[in-house]
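*Asks:* Below: one structure in structure tokens.
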Amino acid sequence: MKIKHLVPVMPVRNGKVNGQDGVKLAGFYSDNGADAILVFDLSDSDEEHEKNILLLKEMACSLSVSKCWSK
């Protein structure tokens, strides 16, 4: 029997996921059975990359990931 996994993809640009709150969206996916979340950083600059990294950290903390970082 093949095992199927639910892995939503979240493209992050300028601290948002398709213009939406990434933390809430990740929580929605987690609460609805996602096995993993694949995040793509689509930043064009170092400043935008830093925003995206901050969002990823917030997402990890909100999903009860074992290690969370602070500023």
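The values are calculated or read from the model by the stated rules, or taken from the named source; none is laboratory data. Remember, predicted model here, so these are calculated numbers, not experimental data. All Cβ positions, even for glycine, are placed from backbone atoms using ideal geometry, and neighbour counts span all protein chains on display.
*Asks:* Just give me the residues in region 30-59 being of a type in the set (Ser, Thr, Tyr) and at pLDDT below 90, in sequence order.
*Replies:* SER30
*Asks:* Just give me the residues in region 8-57 being of a type in the set (Val, Ile, Thr) and loosely packed, with under 11 Cβ neighbours inside 10 Å, in sequence order.
*Replies:* VAL9
*Asks:* Restricting the search to region 8-42, which residues are farther than 15 Å from LEU63 by Cα and part of a loop (DSSP other than H, G, I, E, B)?
*Replies:* ASN14, GLY15, ASN18, GLY19, LEU42
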